[in-house]
Amino acid sequence: MKRPWLDRFRLAAAVLVVCNHTSPLLGVWDGGNFFLTRVLARVAVPFFLMVSGCFLERGGWRTGRLLRRTLAVYLVAVAIYLPVNWYNGGYTPAQWVRCLLVDGTLYHLWYFPAVLLGVPVARALRRLGWPAALAAAGVLYAIGLGGDSWYGLAVRWPPAAALYRAVFSVCSYTRNGLFLAPLFLLLGGACPRLRGRTAAVGLAASLAAMTAEAFALRALGWPRHDSMYALLPAVMVFLFALLQSANAGRDRRAQRLALLVYVLHPGCIVLVRGFAGLVGLDGLLADCNPVHFAAVLAVSFAAAAVLDALRPAPTGGRARAWKELDAAALARNAAAVRAALAPGCRLMAVLKADAYGHGAAACARILRRAGVRHFAVACAAEGVALRRRGVPGTILVLGYTPPAQAPLLARWRLTQTVADEAHALALSAAGTPLRVHLAVDTGMHRLGIPAGDTAALERVCRLPYLRVQGMFTHLPLAEETDAASAAATADELARFYAAAAALEAAGCRVGCLHVQSSAAVRNLPPQPCGLARVGLALYGSGGGGRLPELEPVLAVRARVASVRPVAAGDGAGYGLAFRAARDSRLAVVTIGYADGLPRSLAEHGGRVLIRGRFCPVASVCMDQLLVDVTDVPDAAPGDVCTLLGRDGDGELRAEELAARCGTIPNELLSRLGPRLETARRP
Ligand SMILES: *Cc1c(COP(=O)(O)O)cnc(C)c1O
């Protein structure tokens, strides 16, 4: 049964950590205790790291939020355990620095500095591509292993002994952010998808082998510590793949409880032991035994549950007005566009204007997973924003960038469009090597060097600091299908390809050619180009012609705030522009023109969906709109109102809305404002 197993396993991992720190079978059955606390419990921390790595990978290694949260939790935990540190005799300033930065200020807190260091290390390695990243993290892990459970063997080699002396002058263990964390973070991101049965068999076999490894190492007396085993990465990959194969959705409460138990349980150990001393139950509650373990576990979970219940209510992503992105639809549209391109012509996904209101970073992530490696944006700032969110590959800036920003372009490896010869000269004069694509003007008269001016194109190609990697034109009549427009477009294409051939003949390499936008993919035969710059079609508009019907990617929804009767003849909204022709009911909906809806929607017969039924828009204000719900008698406050997208059998498409209001889907979508929250699809 598919369930949020990844999150639920966090609870099991927290229990294992408590085991590790309470040794429930000590003295009762030593071998069992060793297996439970030194072998099985060793999956807990790597598991937490892999979950983090998995989500970092999905989020394009945007690490800011994770690091900020980890730091905050760590600082709170350090504060909570200050009395314990004090009771234990305190630290010198030098010990404080070392404990805060690497070892953790209490025995279990090492996990937090390990994340704080391990995540940046893993992110840096990830940039090298998977094989190199995993190899490098594996080497770090192997070094850590030699300082941990394989220590006795490693130090027989004098250079290794010297290395570990140096390492242990800085940190007490090698289980930290440099040696242990990067491998598991990266494995979480790279984890192969396995069939459930394969993963289960692999897990059983690798766990048995790791158990043998641990017992053998113990018999040999090699371990200096026992957090790392040679077979632990294999166990983790199979465990993670097994959980992933059965995973669906998230369980945020399990996440929070596991974290709270992790942070609080040492405090609960102190409490249970203190209580045992008070009531004279030392033998039962203060020694390591199953009763003590159960008591600590119960108190830890109770404390976690109480704290979790005291948490302030979250502000949901669906409170007022929000957009939902359909990742699968975006990926299918991308596949449909690619199928319509000439062989060898790759898709350059246009993500300008926040991906036409869809959210550029989220779309880039989805498209990358679908294999897209080329992106285009309108300006340098949009490109930088994508890079900051970890988007690799080519990012072409389609618009003008001031030459003063040449260092910015270089720093973020953005590819700049050359707007004209003067722009090219100024960019080159900035003295920073830049990747550029040449815009060629074949008739649009917007950006580009005139197609006929091959001398200018050639001069630009020979400028010292410009690395020309592409050349393109933008066709003004690609949308039109009448014979005259088609002839004009054919003429533009002929002049573009002639210019490219002339440059080739003059010995100038111009790289990839590209001429097609969505409309040109729909209306023109496949072009002999390396790229096609496609925006709108990816977002589900402009299918037909050589493209199949495309799927809308975005839904926009808001809430019904209030429902009120309006008597026949009464007016409503500014200027009382709405007049009730009959006794009516109006719903107030929490979205308005400041969120990007056209204000003219009411007078143009605009409609929305409530409870799966179409309802006419009565009036659009800045932040709210009025909807006539007379024919939806059960409409009630709290209902979801759909402005774009599906609800039941009804669907509202951007084309319909745009056509009503005399605009195009591009304008409508790109204006959907930042005030719309982004919500996951339910
Ligand atoms: C916006 C833009 C595109 C993408 O156009 P769509 O019609 O959305 O596919 C392509 N090329 C240039 C130069 C653009 O500005």
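Computed values, structure above
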| quantity | calculated |
| --- | --- |
| Members of the range 478-501 that are touching a strand residue (DSSP E or B) at 6+ places or on another chain (Cβ under 9 Å) and within 14 Å of the ligand (Cβ to nearest atom) | Phe496 |
| Selected residue (criterion: surrounded by the fewest Cβ atoms within 10 Å (Cβ to Cβ)) from residues of the range 344-389 that are in contact with a Pro (Cβ under 9 Å, 6 or more places away or on another chain) and in contact (Cβ under 8 Å) with a residue 60 or more places away in the chain | Gly344 |
| Any chance Arg607 is within 18 Å of Arg557 (Cβ to Cβ) and out of contact with any Asp or Glu (no Cβ under 7 Å at 6 or more places or on another chain) | yes |
| Within the range 293-343, tally of residues that are β-branched (Val, Ile, Thr) and buried (at least 17 other Cβ atoms within 10 Å of the Cβ) | 3 |
| Helices (runs of 4 or more DSSP H) completely within the range 107-158 that count 1 or more residues being within 19 Å of the chain's Cα centre (by Cα) | 111-126, 130-146 |
| The range 277-303 residues that are in a helix (DSSP H, G or I), paired with ones that are among the small types (Gly, Ala, Ser) (beta carbon under 6 Å, 6 or more apart) | Asp282/Ala276; Leu285/Ala276; Leu285/Ala295; Ala286/Ala276 |
| Pair list, Cβ < 6 Å and 6+ apart or interchain, from the range 150-178 residues that are free of Cβ contacts under 8 Å to residues at least 12 places away in the same chain to residues that are part of a helix (DSSP H, G or I) | Ala154/Gly146; Ala154/Ala160; Val155/Ala161 |
| Number of positions in the range 528-573 that are touching a strand residue (DSSP E or B) at 6+ places or on another chain (Cβ under 9 Å), within 16 Å of the ligand (Cβ to nearest atom), farther than 23 Å from Gly357 by Cα and not in a strand (DSSP E or B) | 2 |
| Selected residue (only one of Val589, Val632 is farther than 30 Å from Val397 by Cβ, modelled with pLDDT of 95 or more, more than 16 Å from the ligand (Cβ to nearest atom) and over 32 Å from the mean Cα position of the chain (by Cα)) | Val632 |
| Among the residues listed as Ala426, Ala410, Ala404, Ala456, the single one being aliphatic (A, V, I, L, M), surrounded by fewer than 17 Cβ atoms within 10 Å (Cβ to Cβ) and free of Cβ contacts under 8 Å to residues at least 24 places away in the same chain | Ala426 |
| Helices (runs of 4 or more DSSP H) (entirely within the range 322-426) containing at least 2 residues that are within 16 Å of the ligand (Cβ to nearest atom), under 30 Å from Gln624 (Cα atoms) and not basic (Lys, Arg) | 352-356, 360-369 |
| Residue match in the range 502-513 (condition: within 27 Å of Gly393 (Cβ to Cβ), more than 15 Å from the ligand (Cβ to nearest atom) and either basic (Lys, Arg) or in contact with a Ser or Thr (Cβ under 8 Å, 6 or more places away or on another chain) (or both)) | yes |
| Residue within the range 453-468 that is at pLDDT below 95, hydrophobic (A, V, I, L, M, F, W, C) and either within 29 Å of the chain's Cα centre (by Cα) or more than 16 Å from the ligand (Cβ to nearest atom) (or both) present | no |
| Residue check, Arg585 touching a Ser or Thr at 6+ places or on another chain (Cβ under 8 Å), among the basic types (Lys, Arg), part of a strand (DSSP E or B) and crowded, with 20+ Cβ neighbours inside 10 Å | no |
| Of residues in the range 440-459 being assigned to a loop (DSSP other than H, G, I, E, B) and not charged (D, E, K, R), the one farthest from Arg495 (Cα to Cα) | Leu447 |
| Qualifying residue in the range 478-486 (condition: without any contact (Cβ under 8 Å) to a residue 60 or more places away in the chain and assigned to a strand (DSSP E or B)) | no |
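The values are calculated or read from the model by the stated rules, or taken from the named source; none is laboratory data. Everything numeric here is computed off the predicted structure, so don't read it as measured data. So basically every Cβ, Gly included, is an ideal-geometry build from the backbone, and we count neighbours across all protein chains shown.
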